[in-house]
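The values are calculated or read from the model by the stated rules, or taken from the named source; none is laboratory data. Computed from a predicted model, the values in this text were never measured in an experiment. So basically every Cβ, Gly included, is an ideal-geometry build from the backbone, and we count neighbours across all protein chains shown.
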């Protein structure tokens with residue numbers, strides 16, 4: 001009965017839904033990045049590493065210049081650089097995309113861990129440095145219940161959902177989007193019609209760098225105001241699962257991200273529930289909840305989704 005009461009209290013509390021939106025934001029950014037990369041035919045498991053570098057870069061520039069928004073901008077630039085490395089190795093040199101992505105993840109983990117002490121004076125995590133404050137939306141914030149959910153959020157949360165609309169429109173309602181999808185499905189046919197296959201693939205991968213770095217920046221300067229080593233905690237991989245569950249569609253990826261965000265929010269709320277009295281020894285079990293949901297959902301739907309036909313296959317022009 002205590003569990004039922006705790007879950008009921010959580011589901012009727014607008015704070016749960018606000019936390020869900022906040023927890024979903026890095027998943028939305030990164031899963032959209034995965035969509036851009038993979039619908040053009042390039043697998044990008046480096047999202048985890050790009051997110052980590054985005055989180056680190058944004059907090060470094062906030063630390064030195066006092067501007068979280070400058071930190072976000074520099075995170076995007078670094079994310080573009082990492083994505084370009086992945087594209088250069090995968091597209092120009094036909095490298096194994098999984099190996100290249102893994103190398104970038106290890107690079108990000110090594111660089112961020114190594115630079116913590118020289119920059120911040122200690123390893124592990126930084127002090128509270130600064131973050132982007134929430135903004136209140138006039139009119140909406142006064143609406144009962146709904147206003148407490150969406151009326152006052154971090155600007156990056158609103159940007160994430162705006163990015164979903166932008167991505168859907170670009171991919172399905174523009175000539176560029178048609179070319180992106182054609183390159184991901186049949187690059188040979190697209191090439192014969194005059195489409196620059198390599199250029200489109202570079203664009204897709206670079207967009208994944210922009211979006212994934214925004215997801216990482218949200219974790220540091222958007223949510224916590226500090227950086228912790230390996231703070232992405234596998235979110236890049238969960239974002240890939242959201243992309244697959246969403247069938248490589250921006251709206252589907254968003255809905256899957258909301259599901260995983262809800263699992264993370266439920267985990268946090270259950271741990272802080274005054275009814276359950278969760279002990280420190282059982283907290284690791286609760287922390288597994290988002291990953292358990294990911295495994296169950298993806299294993300249940302993996303056969304019902306279809307990736308782009310040329311996804312992960314290097315295009316060698318004859």
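Tallying residues that are free of Cβ contacts under 8 Å to residues at least 60 places away in the same chain and surrounded by 13 or more Cβ atoms within 10 Å (Cβ to Cβ) within the stretch 121-135 yields 2.
Could you tell me which of the residues 101, 95 is modelled with pLDDT under 95 and either in contact with a strand residue (DSSP E or B) (Cβ under 8 Å, 6 or more places away or on another chain) or within 20 Å of residue 36 (Cβ to Cβ) (or both)? It would help to see each step written out before you state the result.
Working: 101 fails: modelled with pLDDT under 95.
It is 95.
Selection of first residues in the stretch 265-287 that are on the phi < 0 side of the Ramachandran plot and in a loop (DSSP other than H, G, I, E, B) and of second residues that are loosely packed, with under 14 Cβ neighbours inside 10 Å and at pLDDT 80 or above, restricted to Cβ pairs under 6 Å at least 6 apart or on distinct chains, gives the following pairs, ordered by first then second residue: 275/5. A single member of 227, 203 is buried (at least 24 other Cβ atoms within 10 Å of the Cβ) and over 17 Å from residue 160 (Cβ atoms), and it is 227.
Do the conditions hold for residue 176, that is, is it over 21 Å from the mean Cα position of the chain (by Cα) and either crowded, with 16+ Cβ neighbours inside 10 Å or free of Cβ contacts under 8 Å to residues at least 40 places away in the same chain (or both)? Can you show your working first?
Working: over 21 Å from the mean Cα position of the chain (by Cα): yes; either crowded, with 16+ Cβ neighbours inside 10 Å or free of Cβ contacts under 8 Å to residues at least 40 places away in the same chain (or both): yes.
The answer is yes for residue 176.
Just give me the residues in the stretch 288-318 being surrounded by fewer than 15 Cβ atoms within 10 Å (Cβ to Cβ) and either at pLDDT below 75 or not in a loop (DSSP other than H, G, I, E, B) (or both), in sequence order. Across the stretch 288-318, the qualifying residues are 292, 295, 296, 299, 300, 302, 303, 304, 318.
Just a yes or no: is a residue in the stretch 166-187 in contact with a helix residue (DSSP H, G or I) (Cβ under 7 Å, 6 or more places away or on another chain) and not in a helix (DSSP H, G or I)? No; the residues of the stretch 166-187 include none that is in contact with a helix residue (DSSP H, G or I) (Cβ under 7 Å, 6 or more places away or on another chain) and not in a helix (DSSP H, G or I).
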